[in-house]
Amino acid sequence: MTATSNGTPTLEAPGLDWRRQIRFSLIGALSSAFIALAGMPVGLDRRNIIQPLLSMGYLSLLWVPFVLASLAGSQVVLEGMTERVRSSKDLVAGALVGLGSALGLVALMILVKNFNIRDPLVNWSPQLLDLLSFNRSAGLGMVFWIVLGTTLGLMGGAMHVVPTAVRSKTLTVLLSVLAVSVLETFITDLLKGFQLEIFTDFIYYKRGGLEIVGALLVAALAIVIPLLVGDRITVVRTRVREMPADERSRVNLILLLVGSALLLVLPFFLGKITNELLANVGLFVLLALGLNIVVGLAGILDLGYVAFFAVGGYTTAVLTSPNSPGFSPQLPWPVALIVVVVLTGLVGLFIGAPVIRMRGDYLAIVTLGFGEIIRLLFLSDWLSGWFGGAQGITNIPGVDVGFATVNGIDPRSIFLLVLVFSAIAIYISWRLEHSRIGRAWMAIREDEDVAEAMGVNTTNTKLMAFVVGAVLASFSGAIFSAKVGSIFPTSFLMLISIIILVVVIVGGMGNIVGVIVGALVLIGILGGPKQPGLLQEFSEFKLLIYGALLVWMMLKRPEGLVPNVRRSRELHQEEFLQDAWLKGEIDTDDEENPS
Amino acid sequence: MLQISDLSVTFGGLHALRNLDFQVTEGEIVSVIGPNGAGKTTFFNMISGMVTPTSGDIVFEGESLLGLDPSQVTERGIARTFQNVRLFANMTILENVMVAQHCRTDQKVFGALFQTNAFKSEENAIREYGEEVLSFFGTRLTGYRLEQPASVLSYANRRRLEIARAMATRPRLLLLDEPVAGMNPRESAELTALIGRLRSEWGFTIVIIEHDMSVVRDVSDRVVVLDHGESIAHGSYEQVANDPNVIEAYLGRQVQDEQAEEETSP
Ligand SMILES: Nc1ncnc2c1ncn2[C@@H]1O[C@H](COP(=O)(O)OP(=O)(O)OP(=O)(O)O)[C@@H](O)[C@H]1O
Ligand SMILES: [Mg+2]
């Protein structure tokens, strides 16, 4: 932060940077070709976004020139902050990048037409060629792509040039249309609960996707609604912020109560599929909240977290199912839950004890190992007398609450159960974060040696993180057992650990809201390891997208979707310091005298 | 208060400290000086339990500290700062001094979850003591600063917060590793005065590593000089400053170095 002047310097727009042009064009061409060969256009063509204009399949290609072109515009880095430099050259730049991306597809079309290497590349198919040439002749298709790519690139470039307000408006409109289309199942289901089918019938096409009028309506709403309420929200917010502390906490409490009441009645307005979907999301919210304590707060990279989920699930199964092969007390679920929590906590201690003496990479690898060992134990012949080996344990009865039974047959009841436990988990995370032990966890995450030197018993504190994390996972495991009714070792693959971790990272490490948003977005929309999300057609590409998202997040937004203020400071230290300096929050000298 | 006898530590073949004897009596301010690489920081690391000595003994208030974890040493009443400022950068300023009271408090998960009265009053006490410690440095670390992350602080303020964090552990012996490094003369004069007050008002016994001789002269009752891991002189500032061994350690080496340089360069 050695800034010399406080005024905004005048920016000279540089000429076309050819290297940057070529780089972005190549990225565009290669990504387009890659996406096409990964099978996304053909695989996702069934799903309409806007009927009959746009399908998910075409969208998987069309975003490339648009987004890359808007990124390709010239930027300067000013004292640590990137700043857009606007000039008409960016339109040219965008168009060129769009053209480049289109040429990638054209080259692919020529190759697909003339050669056949379908053997290794399953998607090297006539269907792909048909799709790429819009079911016309290939030549016409190529011309079409070039025009389309260039236009989209031009529009992307325009995004770079227009004032920020216009840019964000446009993005809001585009994303709203996309969101309303993607959330179709959910919205239809919800509005059906309120007897408002007229509306959904109007905007949605019978076999999925928005009608053109529907899309226009959504776009119009996306423009009008912010105009109507935009200011009012900030006004109310500032008014709440300026209230005295006790009044403010009363307002917060009321908001919280209203919010929870709404959430509790929500399941009754939703259909089976949506309840099921949200119940799955809830199971992952529970898991992610637990892992968030271990990874996000205490900074222990646990890659075998699924172990605790498995222990919770299997213990519930053994204790409640009449089919449990060894020991079968057939306890009611709530009683079993107490044993499950205690036992999983103990397993947390048991696994944690050897592991927490290690650091960094070693710890990650060893936890990965433990995660697999636990699953293999449940699978093994040695313990099959207890856990049924590959046959697993079936006939798990669910939760008897007197007037009803909570089990997978009635997803609504499961969703309610998940909601209750998520509330408990959120409360636990929130209280612990703002307590002596939470501060100790954060200190360990920041600098373990110093934490130790400042009197924090790191061994016990880290073990406690493991145990609390394990207990939250056991909630999820217990509900999972009751939900699916039968469990097998294959329900607890290592992939689950990884997906929970991705949820935590994408949502925002160390941040409760972030973790919930992460689970909603990833599990709700893309789907979990076995559970379909709203975009069922995506299941084939789920892991690809998870991976791409993770890489992109790590590069561009390491603090996650909903950043924890602290983490984002850590990761954007430079920029933050810059901001703070500009706002005068940082002291650059020490002229003031102590009083 | 602190007796160190015949203490040695080696890193591989390197003798970082050799047969060191050292004591501090309650209420003293002792400076440890010496050229770079003399082993001063290693000396602190050893007292605070971060490095295990190869031989010798460290006795604090009648009990040996050998084999204790750093957190246990802190619990016994020894706190330290770090030469290369190691704050919890993404925790707030207040949280930095709150977490340092960890070993003086004992509320666990249960209290936090059920918000027991014991938990709430302890939490308030932690906060109040934290603010008290911070206000020792004037208004720089208090007020709106309390909720800011430590990373926004200026260099001098980071050093101050390090000291505040060490104070928050409620020590009896305070080890300060180059507390004025990087400060301008005015700031270091001010901190020198504060170090005096740490003894008179807070009752800390202090061992301080310092390169700035004016600070050493102003604060210390006694000075110990280390060179190559050995104690080569001790006594009052004047005695040490005129000790030929010390002058050789600081200057003689320089002269030799210069000669060596002249010989190697054509
Ligand atoms: N953990 C370690 N492993 C190996 N060598 C070490 C370690 N810590 C310190 N040393 C070495 O021990 C010697 C003494 O280091 P120390 O940091 O104690 O010096 P110092 O007197 O504090 O110097 P300075 O004035 O530069 O702070 C140095 O040669 C250093 O390289
Ligand atoms: Mg040192």
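Restricting to segment B:135-159, give me the number of residues that are more than 7 Å from chain A (Cβ to nearest Cβ) and in contact with a Gly (Cβ under 9 Å, 6 or more places away or on another chain).
Number satisfying all stated conditions: 3.
Could you list all residues from segment A:315-335 that are assigned to a helix (DSSP H, G or I) and within 16 Å of A:L377 (Cβ to Cβ)?
Selection gives A:T315, A:A317, A:V318.
So in segment A:436-492, with the set limited to residues that are of a type in the set (G, A, S) and at the interface with chain B (Cβ under 8 Å from one of its Cβ atoms), which one is surrounded by the fewest Cβ atoms within 10 Å (Cβ to Cβ)?
Selected residue: A:G438.
Per-residue answers, yes or no, for (1) assigned to a helix (DSSP H, G or I); (2) without any contact (Cβ under 8 Å) to a residue 60 or more places away in the chain:
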residue: A:R118; (1), (2): no, yes
residue: A:G157; (1), (2): yes, no
residue: A:T170; (1), (2): yes, yes
residue: A:F186; (1), (2): yes, no
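Filter segment A:149-168 down to residues that are buried (at least 16 other Cβ atoms within 10 Å of the Cβ) and out of contact with any Phe, Trp or Tyr (no Cβ under 9 Å at 6 or more places or on another chain), then give me how many there are.
Residues that pass the stated criteria total 9.
Please find, within segment B:12-46, the residue that is nearest to B:R80 (Cα to Cα) out of those that are touching a helix residue (DSSP H, G or I) at 6+ places or on another chain (Cβ under 8 Å) and surrounded by fewer than 19 Cβ atoms within 10 Å (Cβ to Cβ).
If we take residues in segment B:12-46 being touching a helix residue (DSSP H, G or I) at 6+ places or on another chain (Cβ under 8 Å) and surrounded by fewer than 19 Cβ atoms within 10 Å (Cβ to Cβ), then B:G27 is nearest to B:R80 (Cα to Cα).
Quick check: is even one residue across segment B:103-114 among the hydroxyl-bearing types (S, T, Y) and at pLDDT below 95?
Yes, some residue in segment B:103-114 is among the hydroxyl-bearing types (S, T, Y) and at pLDDT below 95.
A quick yes/no check of all residues on (1) at pLDDT 90 or above; (2) under 28 Å from B:S55 (Cα atoms):
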site	(1), (2)
B:R172	yes, yes
B:E178	yes, yes
B:G196	yes, no
B:S200	yes, no
B:T205	yes, yes
B:R217	yes, no
B:L251	no, no
B:D257	no, no
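Within segment B:132-144, identify whether any single residue is within 16 Å of ligand 1 (Cβ to nearest atom) and basic (K, R), and answer yes or no.
Among the residues of segment B:132-144, not one is within 16 Å of ligand 1 (Cβ to nearest atom) and basic (K, R), which makes the answer no.
Need pairs with beta-carbon distance below 6 Å; first residue closer than 17 Å to B:H102 by Cα and within 16 Å of ligand 2 (Cβ to nearest atom) and within segment B:56-85, second part of a strand (DSSP E or B) and of a type outside the set (S, T, N, Q); sequence gap 6+ or separate chains.
Sorted first by the residue in segment B:56-85, then by its partner, the pairs are B:R80/B:L175; B:T81/B:L176; B:T81/B:D177.
Conditions (1) touching a strand residue (DSSP E or B) at 6+ places or on another chain (Cβ under 6 Å); (2) assigned to a helix (DSSP H, G or I); (3) at pLDDT 95 or above, marked per residue:
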position	(1), (2), (3)
A:V471	no, yes, yes
A:K483	no, yes, no
A:L495	no, yes, no
A:I499	no, yes, no
A:G510	no, no, no
A:V521	no, yes, no
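Considering only strands (runs of 3 or more DSSP E) fully contained in segment B:159-252, which possess at least 2 residues that are within 16 Å of ligand 1 (Cβ to nearest atom) and under 29 Å from A:A443 (Cα atoms)?
B:173-177, B:205-209
Could we say that B:V59 is of a type in the set (V, I, T), more than 9 Å from every other protein chain (Cβ to nearest Cβ) and within 21 Å of B:R199 (Cα to Cα) here?
Taking the combined requirement at face value, the residue does not satisfy it.
Any idea which of B:T41, B:T92 is within 14 Å of another protein chain (Cβ to nearest Cβ), touching a residue at least 40 places away in the same chain (Cβ under 8 Å) and away from ligand 1 (no atom under 13 Å from the Cβ)?
That would be B:T92, the only listed residue that is within 14 Å of another protein chain (Cβ to nearest Cβ), touching a residue at least 40 places away in the same chain (Cβ under 8 Å) and away from ligand 1 (no atom under 13 Å from the Cβ).
Please identify the pairs in which a residue from segment B:203-226 that is over 18 Å from B:N245 (Cα atoms) has its Cβ atom under 7 Å from the Cβ atom of a residue that is within 14 Å of ligand 2 (Cβ to nearest atom) and among the aromatic types (F, W, Y), counting only partners at least 6 apart or on another chain.
Once the first residue is over 18 Å from B:N245 (Cα atoms) and sits in segment B:203-226, its partners that are within 14 Å of ligand 2 (Cβ to nearest atom) and among the aromatic types (F, W, Y) give B:I209/B:F44.
Looking for whichever is part of a loop (DSSP other than H, G, I, E, B) and surrounded by fewer than 17 Cβ atoms within 10 Å (Cβ to Cβ) here; the options are B:D106, B:D57. Which one fits?
One residue alone meets the criteria, B:D106.
Residues to consider are A:S168, A:S260; find the one that is hydroxyl-bearing (S, T, Y) and outside the structural domain of A:M155 (by TED's automatic domain parsing).
So the residue among A:S168, A:S260 that is hydroxyl-bearing (S, T, Y) and outside the structural domain of A:M155 (by TED's automatic domain parsing) is A:S260.
Which numbered condition trips up A:P334, out of (1) closer than 30 Å to A:G385 by Cβ; (2) surrounded by fewer than 23 Cβ atoms within 10 Å (Cβ to Cβ); (3) touching a helix residue (DSSP H, G or I) at 6+ places or on another chain (Cβ under 9 Å)?
Going through the list (1) closer than 30 Å to A:G385 by Cβ; (2) surrounded by fewer than 23 Cβ atoms within 10 Å (Cβ to Cβ); (3) touching a helix residue (DSSP H, G or I) at 6+ places or on another chain (Cβ under 9 Å), A:P334 breaks only (3).
Regarding segment A:125-148, can at least one residue be identified that is closer than 18 Å to A:A72 by Cβ, touching a residue at least 24 places away in the same chain (Cβ under 8 Å), assigned by TED's automatic domain parsing to the domain that holds A:G57 and in contact with a Phe, Trp or Tyr (Cβ under 8 Å, 6 or more places away or on another chain)?
No, there is no match, as no residue in segment A:125-148 is closer than 18 Å to A:A72 by Cβ, touching a residue at least 24 places away in the same chain (Cβ under 8 Å), assigned by TED's automatic domain parsing to the domain that holds A:G57 and in contact with a Phe, Trp or Tyr (Cβ under 8 Å, 6 or more places away or on another chain).
With the structure loaded, tell me whether A:S539 is assigned to a helix (DSSP H, G or I), modelled with pLDDT under 90, out of contact with any Lys or Arg (no Cβ under 8 Å at 6 or more places or on another chain) and hydroxyl-bearing (S, T, Y) or whether it fails that test.
yes
Residues in segment A:393-408: is at least one at pLDDT below 95, in a helix (DSSP H, G or I) and more than 14 Å from every other protein chain (Cβ to nearest Cβ)?
Within segment A:393-408, none of the residues are at pLDDT below 95, in a helix (DSSP H, G or I) and more than 14 Å from every other protein chain (Cβ to nearest Cβ).
Please state which of the following conditions B:T41 fails to meet, knowing it meets all the rest: (1) more than 13 Å from ligand 2 (Cβ to nearest atom); (2) on the phi < 0 side of the Ramachandran plot.
(1)
Within segment B:115-134, track down each residue that is more than 9 Å from chain A (Cβ to nearest Cβ) and surrounded by fewer than 18 Cβ atoms within 10 Å (Cβ to Cβ).
B:T116, B:N117, B:A118, B:K120, B:S121, B:N124, B:A125, B:R127, B:E128, B:E131, B:E132
Yes or no: segment A:378-385 includes at least one residue that is buried (at least 17 other Cβ atoms within 10 Å of the Cβ), more than 29 Å from the chain's Cα centre (by Cα) and in a helix (DSSP H, G or I).
yes
Tell me, please, whether a residue that is within 13 Å of ligand 1 (Cβ to nearest atom) and polar (S, T, N, Q) can be found in segment B:56-75.
No - not one qualifying residue is present in segment B:56-75.
Quick one: in segment B:74-89, of everything that is in a helix (DSSP H, G or I) and surrounded by fewer than 24 Cβ atoms within 10 Å (Cβ to Cβ), which residue is farthest from the other protein chains (Cβ to nearest Cβ)?
Per the stated criteria, the residue is B:R76.
The values are calculated or read from the model by the stated rules, or taken from the named source; none is laboratory data. What you see is a predicted model, and the numbers here were worked out from it, not measured in a lab. As a convention, Cβ positions derive from the backbone with ideal geometry for all residues, glycine included, and neighbour counts pool all protein chains shown.
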